[in-house]
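The values are calculated or read from the model by the stated rules, or taken from the named source; none is laboratory data. Values in this document were obtained by computation on a predicted structure and should not be read as measured data. Cβ: placed from backbone, ideal geometry, glycine included. Neighbour counts: every protein chain shown. Remember, those area values only see protein heavy atoms, side chains included, never the ligands or the DNA or RNA. Shrake-Rupley method; radii C 1.70, N 1.55, O 1.52, S 1.80 Å.
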Amino acid sequence: MLSLENKIVITTQPADQAMKLSDLLKSKGAKVFNIPMVKTFTLKLSPEQVKDCLMPDKYSHIIFTSRKGVKGYFDNLIEHKGSASLPTGLKISVIGESTKKEVENYGHKVDFINPGTDVKAFTDYLLEKVISLDDNVTLAVGTLAPDYLYKALSAKAKPIRINVYETLPVEKADENLSEYIISGKADMCVFTSPSAFYNFLRFFEKPEGISLAAIGTTTSNVIKQSGCSVQVIAPYPSVESMADAIEKYFTNL
């Protein structure tokens with residue numbers, strides 16, 4: 001018998017990003033349904049923004065905190081330059097393995113990866129081990145990304161924030177799949193961003209009798225601040241870590 005046999009798990013990722021986590025959970029025996037709570041769109045940068053981000057005599061480092069940030073950044077670069085090439089010597093830092101793999105998909109090597117489990121650990125690592133005094137740094141993020149990293153880096157470096165993607169709430173949740181939540185038949189709902197949970201509350205209010213899982217401390221803290229409990233927090237910001245943590249939770253019940 002598989003570890004998640006007969007468990008019903010609801011994921012809330014954007015439809016185009018849900019397959020990997022869904023496949024991992026299904027391989028462990030779960031019945032998985034995705035009810036997207038948000039959707040993401042790459043923002044088109046102006047030629048001036050692209051040029052400013054990539055001037056080799058001005059910026060020496062670029063930081064990515066999500067796969068969507070990587071995609072938005074390089075898709076804009078390809079649109080304007082015709083390739084994903086970067087200036088020689090430009091360093092790349094990422095928050096986790098999935099973000100690293102996305103950078104590699106565009107043909108680049110990651111120089112530094114977060115050794116910790118959340119944005120705070122990533123920030124501390126960058127300030128202590130990676131970023132030098134007065135370094136010029138580009139942050140490629142989404143419109144809803146908090147300014148924590150930007151403000152922390154500003155104490156030592158000269159960061160510029162570029163919004164390369166936008167996250168919007170979905171306007172309607174699938175009625176048939178929503179019954180799993182409304183009726184309490186779902187065993188767990190999984191959230192990979194604060195924005196997904198915020199929109200979830202618009203449709204379902206505070207879920208009763210369903211365990212909640214979060215991919216990191218930022219998302220879990222938002223859930224807790226709403227008055228809900230979080231039963232599972234992935235130790236690392238990756239869907240592999242999330243799937244393993246869910247398996248461990250149900251195995252130990």
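Remarks
- Overall dimensions of the stretch 49-192 by Cα: Rg and Dmax, Å: 17.7, 59
- Using θ = phi - 60° in the Karplus curve 6.51 cos²θ - 1.76 cosθ + 1.60, the 3J(HN,Hα) couplings for the stretch 110-121 round to 8, 8, 9, 10, 4, x, x, 10, 8, 5, 4, 4 Hz; x is entered for Gly and Pro.
- Where the stretch 157-253 is the region considered: accessible area per residue in Å², 1.4 Å probe: 50
- Unit charges on C-beta of K, R, D, E only; dipole of the chain, Debye: 180
- Amide hydrogen proximity for L43: with H placed 1.01 Å from N in the peptide plane, the residues at 5 or more positions away or on another chain lying under 5 Å are Y165, E166.
- When both the stretch 202-246 and the stretch 97-151 are represented by their alpha-carbon centers, they are found 23 Å apart.
- Residues whose placed amide H lies under 5 Å from that of A157, excluding near-sequence neighbours: D134
- Integer Hz, Karplus 6.51/-1.76/1.60 couplings in order for the stretch 43-55, x for Gly and Pro: 8, 7, 7, 6, x, 5, 5, 4, 4, 4, 6, 10, 5
- Debye log10 I(q)/I(0) at q = 0.14 Å⁻¹ for the chain, Cα point scatterers: -0.94
- With every protein chain in place, the chain: carbon and sulfur % of accessible area (1.4 Å): 51
- Summed over qualifying helices (DSSP H, 4 residues or more, each -39500 (n - 2.57)) and divided by its residue number, the chain shows a 222 nm mean residue ellipticity of -11000 deg cm²/dmol.
- Antiparallel content of DSSP bridges confined to the chain, in %, to 5: 15
- Under a model in which nothing but the beta-carbon of Lys, Arg (+1) and Asp, Glu (-1) is charged, the stretch 179-253 shows a dipole of about 220 debye around its Cα centre.
- Gyration tensor (Cα) of the stretch 48-118, equivalent ellipsoid semi-axes in angstrom: 20, 14, 10
- Near the amide H of V38, within less than 5 Å, lie the amide hydrogens of V170, all on another chain or at least 5 residues away, with H placed in the peptide plane.
- Top of L25, L90, L153 by mean-square fluctuation, Gaussian network on the chain, Cα under 10 Å: L90
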